[in-house]
Amino acid sequence: MESSIIYVLSISGQPLMPTTRHNKVWYWLRRGLARVVRREPFTIQLCFETSIHTQPVSVGVDTGSKTVGVAATTNGEVVYQAEVHLRTDISEKMTQRRIYRRNRRARKTRYRAARFANRRRQAGWLAPSLRSKAEATVKAVRLVASLLPVGKVNVEVGSFDTQKLQNPEITNLQYQQGELQGYLLREYVLEKWQRTCAYCGVRGVPLELEHIVPKSRWGSNRVSNLTLACRPCNERKGQKTAAEFGFPQIQAQARVPLKDAAHVSAIKTSVLQQLRSFFGATQVSVTYGYETKYKRIQVLGLPKSHTNDAVAIACEIGERVTPREEVYQIRCLPRGQYQRFNGHHSEHKCWAPRKVRGFKLSEVVKAKGMVGYIRGRREKGAFLIKEVSSGKKLIQVVPSKLERVARPTQGWMIMRKPT
Ligand SMILES: [Zn+2]
């Protein structure tokens with residue numbers, strides 16, 4: 001079992017290089033030479049002056065619509081890995097709020113002026129659900145910047161670089177297994193054929209690049225001769241051309257180049273913009289999925305996961321690092337709820353006190369050998385515990401059996417895995 005990383009801040013609060021020397025840290029803490037500023041990720045602040053020499057840490061961000069991977073590397077070492085689970089309940093909650101407000105207006109309450117007419121959408125406006133995702137992604141990177149001396153941030157913005165592929169149908173890109181160009185080409189073909197088998201239309205299975213006129217019959221490696229096929233179709237087609245196999249239209253379809261290839265989505269534009277204004281435009285750079293895939297598989301030899309992708313994104317091409325065992329599971333939390341009353345005539349106030357039997361909502365707790373967060377509390381009876389990574393129900397347990405692991409901080413809960 002490797003020893004876990006402890007993050008260190010200087011006396012003025014600036015992040016220093018992290019350490020794995022636990023003995024030293026406990027010595028400092030016992031002597032009052034350092035204090036704990038955060039339990040998860042475990043962070044200490046030194047109470048004495050030190051010379052500050054740090055090495056720049058590079059951060060990789062694997063953006064996603066549900067889960068974001070964040071990793072930090074320095075000197076060929078991984079120093080931070082996290083999976084951030086974004087909120088997916090925003091639009092549902094907005095609908096609920098709208099219902100509550102409508103309801104309240106229909107009740108006999110004070111006059112509320114109409115407010116719809118003085119709202120204007122600014123340039124760069126995002127729907128609330130997307131805005132929440134973009135902001136949480138940026139916040140996750142800023143969390144790393146509060147723990148480590150971040151020098152560079154790499155963000156994956158799309159599956160392939162449109163600039164490098166101005167005219168992929170004409171420039172004779174070589175398709176060779178395991179080369180960076182091969183990965184670029186593969187992503188392009190995947191996008192062009194919408195990730196479906198050209199012959200049976202199956203999705204979500206491993207697809208192979210398939211030569212429309214087989215190589216054995218002098219078919220070229222050009223993009224206009226490539227399509228996607230699942231394993232069974234590829235085997236059945238064998239030495240036949242697509243026309244002989246019964247799909248003459250595929251040849252014609254393959255000659256049409258992909259139009260408007262992979263644009264950067266609104267949410268990623270917003271993430272980039274915010275990161276650039278925080279870290280400075282020169283510190284933030286963009287990478288593409290085909291590069292990530294190449295680095296992860298060919299250079300690092302890692303299986304697919306959000307954190308492994310983030311590690312690959314953080315690395316330079318050709319740089320080798322080993323990922324760590326511990327991964328932080330981070331879950332974005334709502335700050336409250338809109339429901340104020342319940343009952344048939346809205347006669348019951350339904351806000352609970354901050355603490356029930358000593359516990360707050362969203363605290364990470366341990367019970368019966370399981371770790372989860374508190375989702376529901378009762379004055380008399382069992383608490384509802386849910387899993388941090390998936391949000392699924394774990395157990396119902398009485399509060400006396402609970403052991404606190406970490407408190408929620410600044411809008412999210414953080415848990416370490418393996419614990
Ligand atoms: Zn097929």
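The values are calculated or read from the model by the stated rules, or taken from the named source; none is laboratory data. From a predicted model like this one, the values you see are computed outputs, not experimental measurements. Every residue, glycine among them, receives a Cβ derived from its backbone with ideal geometry; neighbour counts consider all protein chains shown. SASA here: full protein model, heavy atoms, side chains in, ligands and nucleic acids out. Shrake-Rupley method; radii C 1.70, N 1.55, O 1.52, S 1.80 Å.
Of the residues Ala145, Ala72, which is buried (at least 21 other Cβ atoms within 10 Å of the Cβ), under 28 Å from Glu2 (Cβ atoms) and touching a residue at least 24 places away in the same chain (Cβ under 8 Å)?
Exactly one of Ala145, Ala72 is buried (at least 21 other Cβ atoms within 10 Å of the Cβ), under 28 Å from Glu2 (Cβ atoms) and touching a residue at least 24 places away in the same chain (Cβ under 8 Å), namely Ala72.
Could you list, in sequence order, the residues of region 304-356 that are open to solvent by less than 30 Å² (accessible area, probe 1.4 Å), in contact with a Lys or Arg (Cβ under 8 Å, 6 or more places away or on another chain) and small (Gly, Ala, Ser)?
Across region 304-356, the qualifying residue is only Ala312.
Under the condition of being of a type in the set (A, V, I, L, M, F, W, C) and surrounded by 14 or more Cβ atoms within 10 Å (Cβ to Cβ), which residue from region 217-228 is nearest to the ligand (Cβ to nearest atom)? Show your work before the answer.
Step one: list which residues in region 217-228 are of a type in the set (A, V, I, L, M, F, W, C), which gives 218, 223, 226, 228.
Add one more test, that the residue is surrounded by 14 or more Cβ atoms within 10 Å (Cβ to Cβ), and what stays is 223, 226, 228.
Numbers: Val223: 20, Leu226: 15, Leu228: 9 Å.
Among those that are of a type in the set (A, V, I, L, M, F, W, C) and surrounded by 14 or more Cβ atoms within 10 Å (Cβ to Cβ), it is Leu228.
Which residues, counting only those in region 1-56, are open to solvent by 80 Å² or more (accessible area, probe 1.4 Å) and in a helix (DSSP H, G or I)? Step through it out loud before you land on a result.
Initial filter on region 1-56 (open to solvent by 80 Å² or more (accessible area, probe 1.4 Å)): 1, 12, 14, 21, 23-24, 26-27, 30-31, 35, 39, 49, 51-53, 55-56.
Listed by number, the residues that qualify are Asn23, Lys24, Trp26, Tyr27, Arg30, Arg31.
Could you tell me which numbered condition Ala281 fails, if it satisfies all but one of (1) away from the ligand (no atom under 12 Å from the Cβ); (2) part of a loop (DSSP other than H, G, I, E, B); (3) not assigned by TED's automatic domain parsing to the domain that holds Thr137?
Every condition holds for Ala281 apart from (3).
Residues checked against (1) within 16 Å of the ligand (Cβ to nearest atom); (2) outside the structural domain of Glu291 (by TED's automatic domain parsing); (3) modelled with pLDDT of 90 or more; (4) out of contact with any Lys or Arg (no Cβ under 7 Å at 6 or more places or on another chain):
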residue: Trp193; (1), (2), (3), (4): yes, yes, no, yes
residue: Gly204; (1), (2), (3), (4): yes, yes, no, yes
residue: Lys215; (1), (2), (3), (4): no, yes, no, yes
residue: Cys230; (1), (2), (3), (4): yes, yes, yes, yes
residue: Cys233; (1), (2), (3), (4): yes, yes, yes, yes
residue: Ala243; (1), (2), (3), (4): no, yes, no, yes
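Taking only pairs six or more apart or across chains, which ones have beta-carbon atoms under 8 Å, a first residue in region 203-232 that is under 14 Å from Gln253 (Cβ atoms) and of a type in the set (Asp, Glu), and a second residue that is open to solvent by 10 Å² or more (accessible area, probe 1.4 Å) and within 16 Å of the ligand (Cβ to nearest atom)?
Glu210/Ala198; Glu210/Asn234
Criterion first (touching a Phe, Trp or Tyr at 6+ places or on another chain (Cβ under 9 Å) and either within 16 Å of the ligand (Cβ to nearest atom) or at pLDDT 90 or above (or both)) does Gln253 satisfy it?
yes
Would you pick out the residues in region 272-295 that are open to solvent by 60 Å² or more (accessible area, probe 1.4 Å) and free of Cβ contacts under 8 Å to residues at least 24 places away in the same chain?
Of everything in region 272-295, those that are open to solvent by 60 Å² or more (accessible area, probe 1.4 Å) and free of Cβ contacts under 8 Å to residues at least 24 places away in the same chain turn out to be Arg276, Ser277, Ala281, Thr282.
Give the number of residues within region 114-129 that are part of a loop (DSSP other than H, G, I, E, B) and either modelled with pLDDT of 75 or more or among the basic types (Lys, Arg) (or both).
Residues meeting the conditions: 10.
I'd like the full set of residues that are assigned to a strand (DSSP E or B) and of a type in the set (S, T, N, Q), limited to region 57-91.
Ser58, Thr67, Thr73, Thr74, Gln81
With respect to Thr171, determine if the residue is of a type in the set (Ser, Thr, Tyr) and modelled with pLDDT under 75.
Here the answer is yes, as Thr171 does meet what is asked.
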